[in-house]
Amino acid sequence: MCNLYSMTSNQQAIRDLAGAMQDRTGNLAPLPSIYPDQSAPIVQNGADGREMVMARWGMPSPAFALAGKKTDRGVTNIRNTASPHWRRWLSPQHRCVVPWTSFSEMARQEDGTFEPVWFAADDDRPLRFFAGLHTTWTSVRKIREGEITADLFGFLTTEANDIVRPYHPKAMPVVLETADEVDVWLDAPWDVARTLQRPLRDAALTVVQA
């Protein structure tokens, strides 16, 4: 599971590639390390067109995962879109794209410990997007916060490609490379958009330094 990524691109590049007409993120500084439950930018369909906003990373957890727990820390990676839990958020109203410049997967080392391995489109770390879902939800994410209503997001995963598989054989994020793919994910009917949940072509990803 990808539980750490970075976003160091500038706001104008995000708006241009995602076709965002409004930017509600303010002065967005580079985010070299984004962890679960932190706020990060997403682009979603708003009432007046696409908009860039901040949201917390971690969609609501399924009820079975919350049994006996006092908090819901959220689900960062979404795989089974056929689940009733996720089907409610598959319409364009709840789809989003998540800008990133590199992401990591935890890889087991020879001594049994785990260390992050970082991936990017190339060594220059150009802007790309994850295919995501978002919602507004009321829950207790942290005891000290109490019950809050927050804008949340997560992104889809799929089978690992040949670049990710040696380090994390089970999964990788769903990556969108082009403006056309962004358009399909944000606007197309689900039977079309779902075809984007597939491994990224190997030539479009490389291992980079942290």
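The values are calculated or read from the model by the stated rules, or taken from the named source; none is laboratory data. Only a predicted model underlies this, so the values are computations on that prediction, with no experimental measurement involved. Quick reminder, even Gly has a Cβ in these numbers, built from the backbone with ideal geometry, and neighbours come from all protein chains shown.
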Going by what's in this entry, would Arg73 be described as in contact with a Leu (Cβ under 7 Å, 6 or more places away or on another chain) and either charged (D, E, K, R) or crowded, with 20+ Cβ neighbours inside 10 Å (or both)?
no
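Can you say whether Trp100 is closer than 27 Å to Ala203 by Cβ and either polar (S, T, N, Q) or surrounded by 12 or more Cβ atoms within 10 Å (Cβ to Cβ) (or both), as far as the supplied structure shows?
Working: closer than 27 Å to Ala203 by Cβ: yes; either polar (S, T, N, Q) or surrounded by 12 or more Cβ atoms within 10 Å (Cβ to Cβ) (or both): yes.
Spelling it out, Trp100 is indeed closer than 27 Å to Ala203 by Cβ and either polar (S, T, N, Q) or surrounded by 12 or more Cβ atoms within 10 Å (Cβ to Cβ) (or both).
Looking at Thr149, Thr135, Thr157, which one is outside any loop (DSSP other than H, G, I, E, B), free of Cβ contacts under 8 Å to residues at least 60 places away in the same chain and of a type in the set (Ser, Thr, Tyr)? Before the answer, list the steps.
Numbers: Thr135 fails: free of Cβ contacts under 8 Å to residues at least 60 places away in the same chain; Thr157 fails: free of Cβ contacts under 8 Å to residues at least 60 places away in the same chain.
Sole residue among the options that is outside any loop (DSSP other than H, G, I, E, B), free of Cβ contacts under 8 Å to residues at least 60 places away in the same chain and of a type in the set (Ser, Thr, Tyr): Thr149.
Among the residues that make up the range 176-196, is at least one of them modelled with pLDDT of 95 or more and closer than 22 Å to Asp37 by Cα?
From the range 176-196, those modelled with pLDDT of 95 or more are 176-196; that's our starting set.
Adding the requirement that they be closer than 22 Å to Asp37 by Cα leaves none.
No, the range 176-196 contains no residue that is modelled with pLDDT of 95 or more and closer than 22 Å to Asp37 by Cα.
If I ask for residues that are surrounded by fewer than 16 Cβ atoms within 10 Å (Cβ to Cβ) and either at pLDDT 95 or above or in contact with a helix residue (DSSP H, G or I) (Cβ under 8 Å, 6 or more places away or on another chain) (or both), which ones from the range 47-61 would you list?
Of the range 47-61, the ones surrounded by fewer than 16 Cβ atoms within 10 Å (Cβ to Cβ) are 47-49, 54.
Hits for the range 47-61 are Gly49, Met54.
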Consider Gly146 carefully, then state whether it is at positive phi and at pLDDT 95 or above.
yes
What pairs come up if the first residue lies in the range 92-121 and is free of Cβ contacts under 8 Å to residues at least 60 places away in the same chain, the second is of a type in the set (S, T, N, Q), and their beta carbons are under 7 Å apart, counting only those six or more places apart or on different chains?
Gln93/Asn45; His94/Thr135; Glu115/Gln109
Does Ala65 satisfy being part of a loop (DSSP other than H, G, I, E, B) and of a type outside the set (Lys, Arg)?
no
Pairs needed: first member in the range 183-210, more than 21 Å from Val43 (Cα to Cα); second member anywhere, at pLDDT 95 or above and part of a helix (DSSP H, G or I); C-beta distance under 9 Å; at least 6 residues apart or different chains.
none
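So, of the residues in the range 164-210 that are in a helix (DSSP H, G or I) and small (Gly, Ala, Ser), which turns out to be farthest from Ser91 (Cα to Cα)?
Applying the first criterion (in a helix (DSSP H, G or I)) to the range 164-210 yields 179-187, 190-196, 202-204.
Pick out the ones that are also small (Gly, Ala, Ser) and you get 179, 193, 203-204.
On the way: Ala179: 19, Ala193: 10, Ala203: 31, Ala204: 28 Å.
My answer is Ala203.
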Taking into account only those residues within the range 168-186 that are in contact with a strand residue (DSSP E or B) (Cβ under 8 Å, 6 or more places away or on another chain) and β-branched (Val, Ile, Thr), which is nearest to Thr157 (Cα to Cα)?
Val174
Would you check if there is a residue in the range 63-83 being free of Cβ contacts under 8 Å to residues at least 60 places away in the same chain and touching a strand residue (DSSP E or B) at 6+ places or on another chain (Cβ under 7 Å)?
no
Look through the range 125-144, keep the residues that are touching a helix residue (DSSP H, G or I) at 6+ places or on another chain (Cβ under 9 Å) and under 16 Å from Leu90 (Cβ atoms), and return whichever of them is surrounded by the fewest Cβ atoms within 10 Å (Cβ to Cβ).
Thr135
